[in-house]
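To keep things clear, I will list the structure first and then write my remarks on it.
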Amino acid sequence: MKRRFQQFNNKRVIKELTDPERQQCEELAKQVKYVGNPEHKQNPGDFGLTPPSGARPGKSLCDAVNIFSKRIAQSLLESGLRNGLVSERYNGDWPQNIWSVTEKGEALEAQLDNKEQGTYHGYPMPESDPLASEVIKRWKLSHGRA
């Protein structure tokens with residue numbers, strides 16, 4: 001299968017948040033849930049997925065950024081919301097995408113799976129994704145490391 005690392009959805013845009021929207025993201029961070037997706041796992045870790053893993057060619061893998069724990073994935077998802085790295089596109093009350101960055105500076109993207117439950121799956125962003133550098137730049141700005 002052809003790798004998708006050269007094809008990116010150029011409709012993804014990081015939302016410029018107002019203060020009330022930032023507060024809403026803080027509230028969503030308390031409710032959001034990471035559920036994962038076996039297509040992005042070579043090593044199933046403790047995600048409890050069915051099937052445990054089903055890595056597909058062309059999909060970026062959580063293994064590449066050493067995320068094997070659902071607790072860590074959940075924490076990164078919440079951090080993305082608390083830092084306001086959300087997409088302009090919403091589906092119900094939830095942003096379609098949430099972005100975050102690992103301690104090692106690797107950009108991550110989460111996609112909404114279920115708008116009624118606020119569940120997401122995520123994966124590392126390839127360096128070739130032009131949005132990845134913008135996510136890292138904004139992450140550093142929000143952490144005073146511009």
Subject >> residue 99, sole failed condition from (1) surrounded by 14 or more Cβ atoms within 10 Å (Cβ to Cβ); (2) over 23 Å from residue 130 (Cα atoms); (3) in contact with a Ser or Thr (Cβ under 9 Å, 6 or more places away or on another chain) >> reply: (2)
Original post:
Can you name the residue in segment 113-146 that is over 14 Å from residue 12 (Cβ atoms) and aromatic (Phe, Trp, Tyr) and, of all such residues, is surrounded by the most Cβ atoms within 10 Å (Cβ to Cβ)?
Top reply: 120
Subject >> segment 119-146 - residue that is in a strand (DSSP E or B) and not small (Gly, Ala, Ser) and, of those, farthest from residue 53 (Cα to Cα) >> reply: 119
**OP:** Within segment 1-60, work out how many residues are aliphatic (A, V, I, L, M) and more than 22 Å from residue 75 (Cα to Cα).
**Re:** 3
**OP:** Filter segment 79-118 down to the residues that are assigned to a strand (DSSP E or B) and of a type in the set (D, E, K, R), then identify the one that is farthest from residue 62 (Cα to Cα).
**Re:** 113
Original post:
Among the residues of segment 65-96 satisfying the criterion of being among the small types (Gly, Ala, Ser) and over 18 Å from residue 40 (Cβ atoms), which is most open to solvent (accessible area, probe 1.4 Å)?
Top reply: 92
Original post:
Which residue, of 63, 93, is charged (D, E, K, R) and under 30 Å from residue 18 (Cβ atoms)?
Top reply: 93
**OP:** Could you look through segment 6-47, keep only residues that are more than 19 Å from residue 125 (Cβ to Cβ) and of a type in the set (Gly, Ala, Ser), and pick out the one that is least open to solvent (accessible area, probe 1.4 Å)?
**Re:** 29
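The values are calculated or read from the model by the stated rules, or taken from the named source; none is laboratory data. The structure displayed is predicted, hence computed values, not measured ones. Please note: Cβ atoms are built from the backbone with ideal geometry, for glycine as well, and neighbour counts cover all protein chains shown. These area figures cover heavy atoms from the full protein model, side chains too; ligands, DNA and RNA do not enter into them. Shrake-Rupley method; radii C 1.70, N 1.55, O 1.52, S 1.80 Å.
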